[in-house]
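Quick notes on the structure that follows.
Nothing in this text is a laboratory measurement; each read-out follows from the coordinates by a stated rule. These figures come from a predicted structure and were not determined experimentally.
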Amino acid sequence: MVPRHSRPDADGDQHADVGRVFIAATRKNLFERQCNLSLVELSPVQEALDVAQLKSLIERHATLTKSATATRILAEWEASLPHFVKVMSVEYKKVLEQRRLRAPREVAVVADGG
């Protein structure tokens, strides 16, 4: 998860574009109300890989910029995590689901033994 850019918006909320998935952190919870939910789906950052990648991004940001905010977020990680939201395009999610359904299914072969 390497951001193409990270920038604050007019409300001071921080956004990181990670290609097809967008992570937003908002102090004011305005992001959810201003988002076009017909185009994107919002979900908490809960999957272990997403959490690890997000934390890694923030750690890298803290190291490179000496950001007090990033340092505070990391120090209060469990309390800070719910303030992040995963934003995924509805169309991209459909593509991922189609790929998952088309993937070859593993077939368990049971030996008769005799």
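Here the gap between residue 51 and residue 38, fully extended at 0.36 nm per residue and compared with their Cα-Cα distance, gives a gain of 2.2 nm. Amide hydrogen proximity for residue 40: with H placed 1.01 Å from N in the peptide plane, the residues at 5 or more positions away or on another chain lying under 5 Å are 90.
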